[in-house]
Amino acid sequence: MPQVTIKTGFTGPNGAEETLTAYLCDVPNCPNTAVEVLGVVKELAAAFVVCESHALALRKKRSPPLA
């Protein structure tokens, strides 16, 4: 999962420069922030993380139809 770090230029209470870090959605060409982990492979230290809209779309695709 791609990680984006932005340096703010402001000094925090501890004297270090404040930074903002976010992870991006793992779906190709999606610029949204990742919010939901869909899967993890501990042996590879890898995870598949997606944004809210892709998580919703995948949930709808997976859920069985109502009888």
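What follows draws every value from the coordinates through simple rules; no lab data is involved. Quantities reported herein were computed from a predicted structural model and do not represent experimental measurements. Cβ atoms come from the backbone with ideal geometry, glycine included; neighbour counts cover every protein chain shown.
Taking a straight Cα-Cα cut-off under 13 Å and skipping sequence neighbours fewer than 8 places away in the same chain, the aspartates and glutamates within cross-link reach of residue 60 are 52. Computed over neighbours whose Cβ is under 14 Å from that of residue 30, the net charge equals -3, Lys and Arg +1, Asp and Glu -1. With contributions of -39500 (n - 2.57) from each DSSP H run of at least four residues, the per-residue ellipticity at 222 nm computed over the chain stands at -5000 deg cm²/dmol.
The HN-Hα couplings worked out from phi for segment 31-37 by the Karplus form 6.51 cos²θ - 1.76 cosθ + 1.60 (θ = phi - 60°) are x, 6, 6, 6, 10, 9, 8 Hz, whole numbers, x standing for Gly and Pro.
Computed from backbone phi with θ = phi - 60° and the Karplus coefficients 6.51, -1.76 and 1.60, the 3J(HN,Hα) list for segment 15-23 is x, 8, 5, 6, 10, 10, 10, 9, 9 Hz; x is used for glycine and proline.
For the chain, dividing the convex hull volume of the Cα atoms by the residue count gives 138 Å³ per residue. Across the chain, Cα pairs under 8 Å and at least six residues apart give a relative contact order of 23 percent. Each of 24, 58 has some number of other Cβ atoms within 10 Å of its Cβ, and from fewest to most they run 58, 24.
Under 5 Å from the amide H of residue 26 lie the amide H atoms of 49, 50, 51, each residue being 5 or more positions distant or on a separate chain, with H modelled from the backbone and absent for Pro and chain starts.
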